[in-house]
Each structure stands twice: as C-alpha cells, then as structure tokens.
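Inspection log for the structure reproduced underneath, given as structure tokens.
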Amino acid sequence: MKKRVLVLCYSQTGQLKACAQSLTGPLRESGEVEVDFVELVPEKPYPFPWGMKAFLSVFPQSVLGEPPPIQPPAVDPAKKYDLAILAYQVWYLSPAPPVVAFLRSPQAEALLQGTPLLALCACRNMWQRGWVELKRLVAEVGGRIVDHVVLIDQGPDWSTFYTTPRWLIAGKKEGGPFPPAGVSPQAIAGLRAPGERLLEALRRGPIEGSVFAGSGVEVLEVRRRYLLPEMAAKRVFRLWAKLIHGAGPSLKYPLGLAWFFWLLFSLPLAVPIALSGELLRLLNPSWYRERIEELVQPSGGPVR
Ligand SMILES: Cc1cc2nc3c(=O)[nH]c(=O)nc-3n(C[C@H](O)[C@H](O)[C@H](O)COP(=O)(O)O)c2cc1C
C-alpha cells in the first residue's frame, strides 16, 4: 500500500510552499507516496506587499498568539497519514498567525495525534523563539514532532535586516548591492536531500523518531549569538504588543511606529545581550545547555 504524507502550509509569497514542494519532491516522484498538499487559508487574506501600516498591524496578534480564524483545512478526517509536515514561517519571533490558528483549530488534534510531525521553517533568520512556541502549541494538541528543518534568508544578517523587510513591505525582492531577499533558490533545491532521506525512512517502515539526527544530512544550524537577544526581545515585544492591543483604534498605528523605532534604536543592545549569553554559558552551563538542546532537538545540527 502507498504511504501517505500530509503537508499543511500557509505561504504568502510562495516561498514556504516552494520549500515544502522541494522537500516532498522525491516522495511524489517515487510514485510510492501519496502527498496531500493542504493550504491554510486565512478567512481575511493578509496583503502582499504589506505596506508599513498593515505590516505593523499584525504585530500584536502575532506576539500574543491571538490569530484571526482560518478556513477549515480541506482534509479528510478519516484518512490516516504516515507523516504530517507542518510548514511554518516566523512573524515577530512567533509562529505566523495562520499556523497558530490551525494549531488551535478542532482539526489540529484529530490530524496530529498519533501522526509523526515534521516542522519545516523558512524565515529571515530569527526562528528560535518561534520554534519553542510552535513545539508548545503542537504538544498542547497531543502532536509529536520528530524532525525540524530550517532554511534562512540568503546573505549576511546585516543585509537581510534591510532586504527582508523591504521585500515584505514594498514587494521588492532584488537587493541592489545586497543578495536578493528571501531564501536562495539553491537552498530550496537543496531540500531534495532531506526529501530523499524521508523517502528511505518511509520505505523502511513507520517513522518513530528523527530521520535526520546522525544521518549526515544537515537540516538546521543553531546560532548561539541569537539565544539571549531573541529571549530578551520576545519579553519586551510582549509588553509592546499588550500596550498596542489595548489601545484605541486611532492610537494603534502611532504606537506600532513607536515600537518599530524602539526596535531600530535598541538594535545595538543585541551585542552586549549576546555577550552576556556567553557569560551565562560559563556561570550556568546546565541552564545554557538545556536552552541550546531545546533548539537543536530533535533533528540535531551544528551550534555556532
Ligand atoms: C509580519 C512579518 C513578520 C516577520 N517577522 C520575522 C521574524 O521575526 N523573524 C524572521 O526570521 N522572519 C520574519 N519574517 C519573515 C517570514 O518568516 C518569511 O520569511 C516571509 O514572510 C516569507 O514567507 P512566505 O512563504 O509566507 O512568503 C516576518 C514576515 C512577516 C510578514
């Protein structure tokens, strides 16, 4: 009997969708696996390109995890899958609202309980807090993540700090003097390698645990320098998000802009915060190790 894989995906620009298709390419092409691709569709679509106002307007719902509803995913509840793939992107250090809306929907429990889940992320580069949040939401519906695959935008961090928002807000993907915005086509095509591994694992039998750990196929890289800055930023983001959420309609945009400028001016703080992460590593190694393990597991990967 053919193996069955379910892919659940929301993608605005098509980037995450292309990642999911590349990863599952070897499965589809083998003819041995039936791949059902289900798009998560927000009831009210998000704009693209965003423009500044709309881009800032989703900050509170993203950070507070209060997403607007999505349409019920078009999945046959009677169908059992050998593997589910949940593709997610990060918005403001949190899983994007359409993904959170799915994980909070009545279908999530039925679809994810008893089915091994692979989480696939494509984002600018700050995925750590979003991943921890995603794992919590999946655990709440009784799901079991067996693998995590992460792609980040091409180019140095300082260039994606410009190219990614410019792409999202103004729709311009070419980066001028910098590499184009988004994940590189080579990295997307490179997902075929883990896809081949998935196919081998499905052929062997039920997927019980990580397919990639110790396999020699690298599916993510943890950057230590982001650990504390992301943790600190997420805490302050929550305060801003509550303030903006509670404000009257006429104050939301000015407060959103105030948050945005606060973010720009606070950026230099990331350096001493990242350095204090190194201090914590020495002073409280077990706490630090646990935080890193939380990011590395279950698939493993280099920590740099
Ligand atoms: C409102 C918004 C906030 C975002 N915040 C982050 C972020 O905190 N960290 C990050 O690495 N990427 C962030 N991104 C980039 C997305 O994770 C993703 O790469 C991009 O939206 C393209 O995804 P798509 O497949 O839906 O088109 C953000 C994107 C949007 C639209």
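Rule-based calculations on the coordinates, nothing more; no lab input. This one's a predicted model, so the numbers in the text were calculated from it and none came from an experiment. All Cβ positions, glycine included, derive from the backbone under ideal geometry; neighbour counts span all protein chains shown.
Residues of the range 106-141 with backbone nitrogen within less than 17 Å of a virtual label 7 Å along the Cα-to-Cβ line of residue 38, please, listed as ranges. The answer is 106-120, 138-139, 141. Listed by chain and number, the aspartates and glutamates whose alpha-carbon sits under 19 Å from that of residue 242, ignoring those within fewer than 8 places in the same chain, are 66, 133, 230.
Let me know the shape class of the chain, please: from the alpha-carbon gyration tensor, a ≥ b ≥ c as square roots of the eigenvalues, rounded when a/c is under 1.5, otherwise prolate if a/b is greater than b/c, or oblate. Prolate.
Between residue 282 and residue 294, 0.36 nm times their residue separation minus their Cα-Cα distance comes to what? Write down the numbers at each step before the final one.
Values: separation 12, 0.36 × 12 = 4.32 nm, distance 1.83 nm.
Length gained between residue 282 and residue 294: 2.5 nm.
Test of the criteria: in the range 188-236, which GluC sites (Glu not before Pro) are in a DSSP loop and have at most 14 other Cβ atoms within 10 angstrom of their Cβ?
Numbers: sites: 196, 200, 208, 218, 221, 230; in loops: 208, 218, 221.
Taking the range 188-236 and a limit of 14 other Cβ atoms within 10 Å, the loop GluC sites (Glu not before Pro) found are 208, 221.
For 260, 55, which order do you get if you count the other beta carbons within 10 Å of each Cβ and list the fewest first? Could you put the intermediate results ahead of the total?
Working: 260 16, 55 19.
In increasing order of surrounding Cβ atoms, one gets 260, 55.
Partner lysines whose Cα lies under 25 Å from the Cα of residue 79, excluding those fewer than 8 positions away in the same chain, are identified as 2, 3, 17, 135. Between the range 272-297 and the range 175-206, what's the alpha-carbon centroid distance in Å? One Cα centre to the other: 29 Å.
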